[in-house]
Amino acid sequence: MDDILRSVEAPVNENIPDLGPGDVVSVHVRIKEGDRERIQEFKGTVLRVSRGGQNSSFTVRRVASNGIGVERTFLLRSPLVDKVVVERHSHVRRAKLYYLRERTGKKARLKQKIQN
Amino acid sequence: MLKGLLGKKIGMTQIFDENGRAVPVTLIEAGPCYVTQVRTPEEEGYSAVQLGFGETKSKRLTGGQLGHLNRTSAPPLRFLREFRVKETELKPGDKVTVADAFQVGDHVDVIGTSKGKGFAGVVKRHHFGGGPVTHGQSDRTRTPGSIAAGTGTGKIWKGKRMAGHMGNERVTSMNLRVAYVDPERNLLGVLGAVPGGKGGLVMIKEARKQ
């Protein structure tokens, strides 16, 4: 019976690469305006990735104008997410980067991870 | 067409609706059902359609059940349930499938047997608050407290809510929206929860209070 449940659920979005905390990403979100559809980018740092099959999600934080932090959580399999582009990986020592919320400016920087 | 079906609960998951929002869905393997009898005011005094569901081996049924089913061309069926209708063009032997009965956007009532909870206390069964936990109270955290007035009344009112058997009873989930229909696999998905455990028999009807 679980096979039937799995078959109804949304498939994995192939346009989302493997994400990790600290990644600087640009999320392409589909937005419907009346009968028109356009794509909006949301750029920021991945604060957390929550694994849970159909309910998997990731949260992206960006600092908007006036230093106001904006966080958005996306479901990994949501049809509203068109694609995700990873711009750089960071060297982080935690799975959830909540400490970034209390930091601004130079302290909120993350060291870039060079992949070999 | 008859807006009713029998089905088997498969389980819950979430899907994305047309706006891209994740919604909770209960999947039901609904039908195919066979009309096994049509009750008429002339014969039985009321009008209803008897549907059968759940193909099984004929050796699992009793002679009486088989005899009843043999009056139609239906295969051996485990479950028979009646649906009251005003009038119907259905005849015994007709097959009713999900696509015939429901479409995405319809509202339905789903009737099932809730999970049995056994002998349950008053906190679980009737949502009582229980007693205090601190201030020296040691033996009354989940007790019902006082159940009646004193010797003046001298009795306990009938229907006083107390501990007892909970669950394993007929429950109707009303006004669930149909979110998914798959005619090929006889699948029906309704928004929200449905009584009973996985694999349980459910009756799906058109919503009474829309």
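The values are calculated or read from the model by the stated rules, or taken from the named source; none is laboratory data. Quick caveat, the model's predicted, so the values are computed rather than measured. Methodologically, a virtual Cβ is constructed for each residue, glycine included, from the backbone with ideal geometry; neighbour enumeration extends over all protein chains shown.
Residue count for region B:124-176 satisfying the condition of being farther than 30 Å from B:Gly4 by Cβ and in contact with an Asp or Glu (Cβ under 6 Å, 6 or more places away or on another chain): 0.
Residue-by-condition table, conditions (1) of a type in the set (Ser, Thr, Tyr); (2) surrounded by fewer than 11 Cβ atoms within 10 Å (Cβ to Cβ); (3) within 22 Å of B:Phe79 (Cβ to Cβ):
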position	(1), (2), (3)
B:Val108	no, no, yes
B:Lys124	no, no, no
B:Gly131	no, no, no
B:Ile147	no, no, no
B:Thr153	yes, yes, no
B:Pro183	no, no, yes
B:Leu188	no, no, yes
B:Val202	no, no, yes
B:Lys205	no, no, yes
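When region A:10-33 is filtered for residues that are in a strand (DSSP E or B) and within 24 Å of A:Val92 (Cα to Cα), the ones remaining, listed by number, are A:Val24, A:Val25, A:Ser26, A:Val27. With respect to B:Arg60, is the statement that it is under 22 Å from B:Asn186 (Cα atoms), among the basic types (Lys, Arg) and either in contact with a Phe, Trp or Tyr (Cβ under 7 Å, 6 or more places away or on another chain) or modelled with pLDDT of 85 or more (or both) true? Here the answer is no, as B:Arg60 does not meet what is asked.
When each of A:Phe42, A:Phe58, A:Phe74 is tested for being within 10 Å of the chain's Cα centre (by Cα), aromatic (Phe, Trp, Tyr) and within 14 Å of chain B (Cβ to nearest Cβ), the lone residue that passes is A:Phe74.
Can you confirm whether A:Gly53 is among the small types (Gly, Ala, Ser), within 14 Å of chain B (Cβ to nearest Cβ) and over 8 Å from the mean Cα position of the chain (by Cα)? Here the answer is yes, as A:Gly53 does meet what is asked. Count of region B:184-210 residues, restricted to those that are over 16 Å from the mean Cα position of the chain (by Cα) and within 14 Å of chain A (Cβ to nearest Cβ), is 4. Selection of region A:93-110 for residues being surrounded by 16 or more Cβ atoms within 10 Å (Cβ to Cβ) and at pLDDT 90 or above yields A:Leu97, A:Leu100.
In region B:158-183, the qualifying residues are those that are within 14 Å of chain A (Cβ to nearest Cβ) and hydrophobic (A, V, I, L, M, F, W, C), and the one that is farthest from B:His127 (Cα to Cα) is B:Val181.
Take the residues of region B:1-40 that are within 12 Å of chain A (Cβ to nearest Cβ) and free of Cβ contacts under 8 Å to residues at least 24 places away in the same chain: which is surrounded by the most Cβ atoms within 10 Å (Cβ to Cβ)? Per the stated criteria, the residue is B:Thr13.
Just one of the numbered conditions (1) modelled with pLDDT of 85 or more; (2) crowded, with 19+ Cβ neighbours inside 10 Å; (3) within 14 Å of another protein chain (Cβ to nearest Cβ) is not true of B:Val98: (1).
Residue check: A:Gln40 meets all listed conditions (1) surrounded by fewer than 16 Cβ atoms within 10 Å (Cβ to Cβ); (2) at negative phi; (3) at pLDDT below 90 but one, namely (3).
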